[in-house]
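Peer 1: Below is one structure. I have some questions about it.
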Amino acid sequence: MKKQKYYVVLNGRINGIFLNWNDCKEMIQGFSNASYKSFEEPYEAMDFLLKNTNRDVNIKNREKFVENCNENVDENIDESVNKSIDESIDRNQHIDTIYGNNDIIEAYVDGSFDSTFNTYGSGVVILKNDVVIEQFSIKGDNDEFTSMRNVAGEINASIIAMKYCYDNNYDNLTIYYDYNGIEKWFTGEWKANKKGTQEYKKISNFYGERIKIKFVKVKAHSGNKYNELADELAKKSIKINL
């Protein structure tokens, strides 16, 4: 029987503590500059993660993590028991989930364009657990983007949302958009031919390697209040009358 190990992923698709090698391998295999370390004690794994990620977690949460491990994992756990535990937990579970940090971050994005001044605007509405916590109304004039007109505002709005989550240590983001390129350039389904779309793919993929990003298509001007608000913010940024 194998002794239980705890795998700490510091740089992977999702960073955190994993209870078996297969889950750990999914996070690091093929990931550029992947970094991980294994431990035989949950305290050691927790302390190593906290030390290397600058996370402030109180003793109560630390004790809770170890207690949960002890409830689910026997010291002499074998392969069949390990498999059973794997099936009972989310394969993408990481340290924030263990702490109970289940914040849902959503972003509604939209763009607008003013042909008179050749400028584009971006509107972003950020929600946390269904409550609006941030709004952005930002004007842009990057020459690589302006040829795409309002699409320039759309992709810039998506980048703003991704950067916001990255800067504020949120690991999961759902982006609601009304232009297909927002998702399809990110996934590679559409080829990025222009410099602007190439730049978007490069930046969005950077954040996509660090944040779990989900895309949801919404119909433009369909009465969705947050989508309409994002549209208003985009127009406001370049002073288009609403």
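The values are calculated or read from the model by the stated rules, or taken from the named source; none is laboratory data. What you see is a predicted model, and the numbers here were worked out from it, not measured in a lab. All Cβ positions, glycine included, derive from the backbone under ideal geometry; neighbour counts span all protein chains shown. SASA here: full protein model, heavy atoms, side chains in, ligands and nucleic acids out. Shrake-Rupley method; radii C 1.70, N 1.55, O 1.52, S 1.80 Å.
Peer 1: Across the range 203-242, which residue is modelled with the lowest pLDDT among those that are within 29 Å of Phe117 (Cα to Cα) and open to solvent by 90 Å² or more (accessible area, probe 1.4 Å)?
Peer 2: Step by step, filter the range 203-242, then rank; the result is Leu242.
Peer 1: I've got another one for you. With the condition kept exactly as written, say whether any residue in the range 51-65 is modelled with pLDDT of 75 or more and part of a helix (DSSP H, G or I).
Peer 2: Start the filter on the range 51-65 by keeping residues that are modelled with pLDDT of 75 or more, which leaves 51-52.
Now narrow it down to the ones that are part of a helix (DSSP H, G or I): 51-52.
Checked the range 51-65: at least one residue is modelled with pLDDT of 75 or more and part of a helix (DSSP H, G or I).
Peer 1: Among the hydroxyl-bearing types (Ser, Thr, Tyr), over 18 Å from Glu209 (Cβ atoms), not in a helix (DSSP H, G or I) and not assigned by the TED database to the domain that holds Glu209 - does that describe any residue in the range 29-43? Steps first, please.
Peer 2: Initially, the range 29-43 is screened for residues among the hydroxyl-bearing types (Ser, Thr, Tyr), giving 32, 35-36, 38, 43.
Among the residues that remain, those that are also over 18 Å from Glu209 (Cβ atoms) are: 38, 43.
Cutting the leftovers down to not in a helix (DSSP H, G or I) gives us 38.
Cutting the leftovers down to not assigned by the TED database to the domain that holds Glu209 gives us 38.
Within the range 29-43 (the criterion being among the hydroxyl-bearing types (Ser, Thr, Tyr), over 18 Å from Glu209 (Cβ atoms), not in a helix (DSSP H, G or I) and not assigned by the TED database to the domain that holds Glu209), the answer is yes, since at least one residue qualifies.
Peer 1: Please state which one of Val109, Val9 is of a type outside the set (Phe, Trp, Tyr), at pLDDT 80 or above and within 30 Å of Lys217 (Cβ to Cβ).
Peer 2: Details: Val9 fails: within 30 Å of Lys217 (Cβ to Cβ).
Of the residues listed, the single one that is of a type outside the set (Phe, Trp, Tyr), at pLDDT 80 or above and within 30 Å of Lys217 (Cβ to Cβ) is Val109.
Peer 1: Right, another one. Right, Asn118: in the same structural domain as Lys195 (by the TED database), closer than 21 Å to Glu199 by Cα, surrounded by fewer than 18 Cβ atoms within 10 Å (Cβ to Cβ) and polar (S, T, N, Q) or not?
Peer 2: Working: in the same structural domain as Lys195 (by the TED database): yes; closer than 21 Å to Glu199 by Cα: yes; surrounded by fewer than 18 Cβ atoms within 10 Å (Cβ to Cβ): yes; polar (S, T, N, Q): yes.
It is true that Asn118 is in the same structural domain as Lys195 (by the TED database), closer than 21 Å to Glu199 by Cα, surrounded by fewer than 18 Cβ atoms within 10 Å (Cβ to Cβ) and polar (S, T, N, Q).
Peer 1: State yes or no: is Tyr200 open to solvent by less than 70 Å² (accessible area, probe 1.4 Å), touching a residue at least 60 places away in the same chain (Cβ under 8 Å) and within 28 Å of Ile14 (Cβ to Cβ)? Show your work before the answer.
Peer 2: Working: open to solvent by less than 70 Å² (accessible area, probe 1.4 Å): yes; touching a residue at least 60 places away in the same chain (Cβ under 8 Å): no; within 28 Å of Ile14 (Cβ to Cβ): yes.
No: the conditions fail for Tyr200.
Peer 1: Within the range 15-34, restricting attention to residues that are open to solvent by 30 Å² or more (accessible area, probe 1.4 Å) and among the polar types (S, T, N, Q), which residue is nearest to the chain's Cα centre (by Cα)?
Peer 2: Residue satisfying both the conditions and the ranking: Asn15.
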